[in-house]
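The values are calculated or read from the model by the stated rules, or taken from the named source; none is laboratory data. All figures in this text were calculated on a predicted structure; none of them were measured in a lab. Note that each Cβ is placed from the backbone with ideal geometry, even for glycine, and that neighbours are counted across all protein chains shown.
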Amino acid sequence: MKAWLKPGFWLPLVLVLGWGLVVLLLRQDTMRESAFVLLMSVGLASSLNILLGYTGYVSFGHIVFFGLGGYTGFYLISEQGWPLIPAALGGGLLSAFIALLVGLAVLRLRGAYFALATIGINEAARAFVSNFQPYGGATGLFVNFSAYEKYGGAGEALWTTFMLLWITVMVVLVVSFLVKHSRFGLGLMAIREDEDAAMVMGVKAPRAKTITYVISAFFPGVIGTLYFFKNGNIEPGDAFQLHMSIEMLVMVMLGGMGTVMGPLAGAVGYQWLRGYLLTSPLFKNLHLALAGVILLLIVLFVPAGAVGWVRGRFPRLKRFLE
Amino acid sequence: MLDQLISSLTDGLLLGFVYGVAAMGLTLIWGVMTVINLAHGPVIALGMFGTYLLFTHLGLNPYLALIPVAGSGLLLGFIIYVIAVHRVINAPHLSSLLATFAVNMIIIGVCTAIFSTSPQNIDYSLGSVELGFLTFPASRLVGAFGAVLVTAGLYLFLYFTRPGKAIRAVANNRMASELMGIPSSRVLALSFGLGTMLAAVAGGLIATFFPFTILSGGPYELKSFVICVLGGLGNPLGALVGGLILGGLEGLVPAFMPVSWVPVVEFGLFVLVLLVRPSGLFGAK
């Protein structure tokens, strides 16, 4: 059966499409802002899932591509005067290129060694950018306000950014699905189960892993540019937050790793929960601890995540929840 | 110039001993159960706060306070192992990484609510020591001495006592040691307890040098990763040497470039060692 005929392909796309359309039709600023954060989480979690879910490699420093791509895109907009779309693509391509270089070296490591190396890369990148003068050092960069004029003023620019993010997220979901259902994806899942066996069976593991890493680094770069363009400034502390890498991991785990729907459900669920905990008077001081308890319970008792659990429990729904 | 270089190197090396103790805890846990304990940093911070509370509220000498801190560290390690680690000990790395990270979030969350993130310090000075042109705080010297003592204690424990030998047997081959009648779950819990105990002691020692907050454990956790990789993951004595290397670097690098470049050098070295010699500088090939 062709991939695009499967209901599991359409369900996440239709959800995101409908969501974006509702926001665009209602045109409320607060709604757009919250949708922006949610869609960004969905996009980041889904792109991490392409690496984590399909190959089983844990990257603790995935936010580094968000930061580096964001910095590059931002630099292209504010210092070189590029329009937003080419700059976002530029940010994505730079992230992908860095991932290629890093991947060629680091993906030889397996399991926990790889995870440790990604933590190191994140810290090294943050420290490097804080010292790199063209990127503004520790104080970062600001968008000149006139950059927003091209898009019909700051207010309109925010809507344009939102639409671009919305489209990017849909592209991520399509790519995630296509990777999962291709021959290439099957190779990745073979690597996840047993890398040596996969190589014996003819999967070119180093190449496949590097390509996956590059794909999963491209989108955070694009999303980073959009996010920092919306914010109007960028600094190292914001761009390389190790805890955001962890939040991405939690979202993927919550929804179910290795599924297309999982990161979508996980990101929305996590952000909703976080919002609830942060605003409730009872839990607002303890929200981090409670998020930790929830993560612990998931890891210990429902390692497949919400979507994985539903798929295992109700086999009939498997067609809809890829 | 040379005087300055030597004095900053000495300063770094003395700190390096204490970094070594923190890393030893991490590397012991990895060596025995191949779990990377992401709750290491918060335990270091708990060690700092334990010493601080005993000092300010009970007036206990900070160095004496290390003894109850070490005991509670051991107990905390047992609890963490039983609740969070035991179930995922045989699962893929992702599970144990996330489980210990969840513990990290819980500790940080609860302690931020209790202590807030305002900085504290232990107001206790031993004066300073002068050796020729070198002048450094005596607390550094005592800290380094304490670190050597802890390392020696760990070595004696691992090589000359029955539980220590059991830990080494389980690290070597868990199934074989179970067949020989070693209760591996208890041994794993003990090793985890020892690992967190070392972290808590290191935290207590660091608290006598610098002001700290509940989030201060994080940087030392990252340093511990670097040190473990330098000394070879799973090699407790290598960790001390790794700590000295890192401390030395922290002393030397600022002499040649701005201080803010120190992390770039450290983590660059870290990734390089992982790539070239993942078994560490002193680990077996």
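Annotations
- The residues listed here are A:Phe228, A:Phe218, A:Phe177; of these, the one that is surrounded by 19 or more Cβ atoms within 10 Å (Cβ to Cβ), touching a strand residue (DSSP E or B) at 6+ places or on another chain (Cβ under 6 Å) and in contact (Cβ under 8 Å) with a residue 60 or more places away in the chain is A:Phe228.
- Residue check for B:Ala91: at the interface with chain A (Cβ under 10 Å from one of its Cβ atoms) and under 19 Å from B:Ala45 (Cβ atoms): no
- Check on A:Leu288, within 12 Å of chain B (Cβ to nearest Cβ), more than 26 Å from A:Trp10 (Cα to Cα), touching a residue at least 40 places away in the same chain (Cβ under 8 Å) and within 23 Å of the chain's Cα centre (by Cα): no
- Evaluation of A:Gly312 against the conditions (1) within 13 Å of chain B (Cβ to nearest Cβ); (2) surrounded by fewer than 19 Cβ atoms within 10 Å (Cβ to Cβ) shows that the sole unmet condition is (1).
- Residue that is nearest to the other protein chains (Cβ to nearest Cβ), among those in the range B:99-115 that are over 18 Å from the mean Cα position of the chain (by Cα) and touching a residue at least 24 places away in the same chain (Cβ under 8 Å): B:Thr112
- Filtering the range A:45-79 to residues that are of a type in the set (S, T, N, Q) and within 13 Å of another protein chain (Cβ to nearest Cβ) leaves A:Asn49, A:Thr55, A:Ser59.
- For the range A:40-93, taking the residues that are part of a helix (DSSP H, G or I) and of a type in the set (S, T, N, Q), the one that is surrounded by the fewest Cβ atoms within 10 Å (Cβ to Cβ) is identified as A:Ser78.
- None of A:Leu100, A:Leu89 is closer than 21 Å to A:Pro134 by Cα, among the hydrophobic types (A, V, I, L, M, F, W, C) and modelled with pLDDT of 85 or more except A:Leu89.
- Restricted to the range A:291-309, and to residues there that are of a type outside the set (Phe, Trp, Tyr) and either part of a loop (DSSP other than H, G, I, E, B) or away from chain B (no Cβ under 14 Å) (or both), the residue that is surrounded by the most Cβ atoms within 10 Å (Cβ to Cβ) is A:Val307.
- One residue stands out in the range B:78-88 among those that are farther than 14 Å from B:His40 by Cβ and either free of Cβ contacts under 8 Å to residues at least 60 places away in the same chain or basic (Lys, Arg) (or both): the one that is farthest from the other protein chains (Cβ to nearest Cβ), namely B:Ile79.
Let's see how each residue does on (1) free of Cβ contacts under 8 Å to residues at least 40 places away in the same chain; (2) more than 13 Å from chain A (Cβ to nearest Cβ); (3) in contact with a strand residue (DSSP E or B) (Cβ under 7 Å, 6 or more places away or on another chain):
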| residue | (1), (2), (3) |
| --- | --- |
| B:Gly203 | no, yes, no |
| B:Thr208 | no, yes, no |
| B:Pro211 | no, yes, yes |
| B:Glu221 | no, no, no |
| B:Ser224 | no, no, no |
| B:Ile227 | no, no, no |
| B:Gly231 | no, yes, no |
| B:Ala239 | no, yes, no |
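- Qualifying residue in the range B:244-267 (condition: within 23 Å of B:Asn37 (Cβ to Cβ), crowded, with 24+ Cβ neighbours inside 10 Å and away from chain A (no Cβ under 12 Å)): yes
- Checking B:Met48 against (1) more than 11 Å from chain A (Cβ to nearest Cβ); (2) of a type outside the set (Val, Ile, Thr); (3) in contact (Cβ under 8 Å) with a residue 40 or more places away in the chain; (4) surrounded by fewer than 24 Cβ atoms within 10 Å (Cβ to Cβ), the condition it does not meet: (4)
- Selected residue (criterion: farthest from the other protein chains (Cβ to nearest Cβ)) from residues of the range A:129-171 that are crowded, with 18+ Cβ neighbours inside 10 Å and at pLDDT below 80: A:Tyr148
- Among the criteria (1) of a type in the set (S, T, N, Q); (2) over 30 Å from A:Lys204 (Cβ atoms); (3) within 19 Å of the chain's Cα centre (by Cα), the one A:Thr55 does not fulfil is (2).
- For A:Ile246, the criteria (1) at the interface with chain B (Cβ under 10 Å from one of its Cβ atoms); (2) touching a Gly at 6+ places or on another chain (Cβ under 7 Å); (3) closer than 22 Å to A:Ser34 by Cβ hold in every case but one, which is (2).
- Within the range A:126-138, residues that are under 19 Å from B:Gly268 (Cα atoms) and touching a residue at least 24 places away in the same chain (Cβ under 8 Å) sit with their Cβ atoms under 8 Å from residues that are among the aromatic types (Phe, Trp, Tyr) and not in a helix (DSSP H, G or I), at 6+ positions apart or across chains, in these pairs: A:Arg126/A:Phe240; A:Val129/A:Phe240.
- The residues of the range A:259-288 that are in a loop (DSSP other than H, G, I, E, B) and under 26 Å from A:Gly67 (Cβ atoms) amount to a single one, A:Val260.
- Within the range B:122-142, being in contact with a Pro (Cβ under 7 Å, 6 or more places away or on another chain) and either assigned to a strand (DSSP E or B) or modelled with pLDDT of 85 or more (or both) holds for one residue alone: B:Ser128.
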